[in-house]
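Below: one structure, written as C-alpha cells.
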Amino acid sequence: MPTAPPPSRDVALETRFFLERFKKPIIAAAIVVLLAAISFTGYRFYSDRRATAASVALASANTAQEYEQIIARYANTPAAADAYILLAEAQRKERKFAEANNTLETFIAKYPKHEFVSTAKMAMAANLDSMGKTNEALVMYQQIVSAYPNSYAAPLAMLSQVYILKGKNRNDDARRICETMLTQYRTSFWAGEAMQQLRLLKPITTSTPPPAVVPTIPPMLAIPAAPAPQAPPAPNQPQSAPSPKKP
C-alpha cells in the first residue's frame with residue numbers, strides 16, 4: 001500500500017508566524033538586554049573614573065583629614081581601603097593610639113579579605129604595646145602567627161613577642177621563640193635576627209677568680225726588720241753624756 005508523502009513545510013512562513021506571534025516578548029527581552037549592557041558599560045566607566053580619581057587624590061594626600069575625605073568621598077574603592085591604613089599611621093604619629101586602632105578595626109570589618117589585613121593587625125598590636133597594654137599586644141601577636149603562618153607578618157610578630165617577653169623577664173619563653181624562628185626561617189633574614197636575640201638572652205656568668213692565698217710565715221722564722229736609721233745630732237747641740245755602765 002503506497003504511503004502518503006509528508007506534508008511540505010514552509011520554513012520562512014513558520015518563522016514569520018513565530019515572530020508575529022512572539023514579537024512583543026522578543027522586543028521586550030532585547031530591550032532589557034540592551035539596557036543591561038548599557039548600564040553595565042556605564043557603571044564600569046563610572047567606577048573606573050571614580051577609582052582613578054580616588055587614586056589621584058590619595059597620591060596627593062598627606063594629612064589625616066585628607067585621608068578621611070578620601071574615605072568618605074570614594075567609599076568602596078581600592079584607594080579608600082589604602083586610605084584607612086594611611087589614616088591609622090597618621091594617627092599613630094600623633095600618638096592617638098586608641099583612635100588608630102578604631103580606624104584599623106573599621107578597615108578589617110569592611111575589607112576582611114584585603115591583603116593588608118595582617119598588616120593592620122600588626123599595627124594594632126604595636127599600638128597596644130605603645131599604650132602599655134603589653135599582655136593584649138602579646139596575645140594579638142600570637143594570633144597573627146597562628147592565623148598567618150606563611151605571611152611576612154608571622155616572623156615579625158614572633159620577634160615582637162621576644163621584645164615584650166624580655167621586658168617581662170620571661171627569658172625562657174623568649175628563648176623558645178627564638179629557637180622556633182631558627183628552625184622555621186633558617187635560611188632567611190629572620191634567622192639572623194633570632195640568633196642575635198638568642199645571644200643576648202644567654203645568661204652572663206662572670207667568674208671571679210678566688211682570692212690569692214698569702215702564705216703566712218711563723219714569727220720565729222720571719223726576718224727581723226732592719227732598725228730605722230737615726231738622724232745625726234746637730235752640730236751646735238752638745239752630745240748627751242753616755243749612760244753609766246751597769247756593774
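The values are calculated or read from the model by the stated rules, or taken from the named source; none is laboratory data. Bear in mind that the values here come from a model prediction, so they are computed numbers and not experimental data. Virtual Cβ from ideal backbone geometry, glycine too; neighbours counted across all protein chains shown.
Table for the structure above
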| read-out | value |
| --- | --- |
| Pairs where the first residue, in region 102-114, is of a type in the set (Phe, Trp, Tyr) and the second is part of a loop (DSSP other than H, G, I, E, B) and at pLDDT below 95, C-beta under 9 Å, 6+ apart | Phe107/His114; Phe107/Phe116 |
| Residue in region 104-115 that is within 24 Å of Asn150 (Cβ to Cβ), buried (at least 18 other Cβ atoms within 10 Å of the Cβ) and in contact with a Leu (Cβ under 7 Å, 6 or more places away or on another chain) present | no |
| Those residues of region 74-95 which are exposed (fewer than 14 other Cβ atoms within 10 Å of the Cβ) and of a type in the set (D, E, K, R), in sequence order | Lys93, Glu94, Arg95 |
| Any hit, region 78-100, residues being over 20 Å from Ala154 (Cα atoms), in a helix (DSSP H, G or I), within 19 Å of the chain's Cα centre (by Cα) and basic (Lys, Arg) | yes |
| Pair list, Cβ < 9 Å and 6+ apart or interchain, from region 49-78 residues that are farther than 24 Å from Lys113 by Cβ and of a type in the set (Ser, Thr, Tyr) to residues that are modelled with pLDDT of 90 or more and assigned to a helix (DSSP H, G or I) | Ser60/Glu66; Thr63/Ala90 |
| Residues (at pLDDT 85 or above, part of a helix (DSSP H, G or I) and either at positive phi or loosely packed, with under 14 Cβ neighbours inside 10 Å (or both)) located in region 38-68 | Thr52, Val56, Ala59, Ser60, Gln65 |
| Selection status of Thr103, over 24 Å from Leu159 (Cα atoms) and modelled with pLDDT of 95 or more | yes |
| Pair list, Cβ under 7 Å, 6 or more apart: region 86-98 residue over 15 Å from Lys133 (Cα atoms) and in contact (Cβ under 8 Å) with a residue 12 or more places away in the chain, other residue polar (S, T, N, Q) and part of a helix (DSSP H, G or I) | Leu87/Thr103; Ala88/Thr103; Gln91/Thr103; Arg92/Asn127 |
| Of residues in region 157-176 being of a type in the set (A, V, I, L, M) and within 18 Å of Ser118 (Cβ to Cβ), the one surrounded by the fewest Cβ atoms within 10 Å (Cβ to Cβ) | Leu159 |
| Verdict on Ala120 being hydrophobic (A, V, I, L, M, F, W, C) and at pLDDT below 95 | no |
| Residues located in region 139-153, provided they are under 14 Å from Val117 (Cβ atoms), modelled with pLDDT of 95 or more and crowded, with 18+ Cβ neighbours inside 10 Å | Met140, Ile144 |
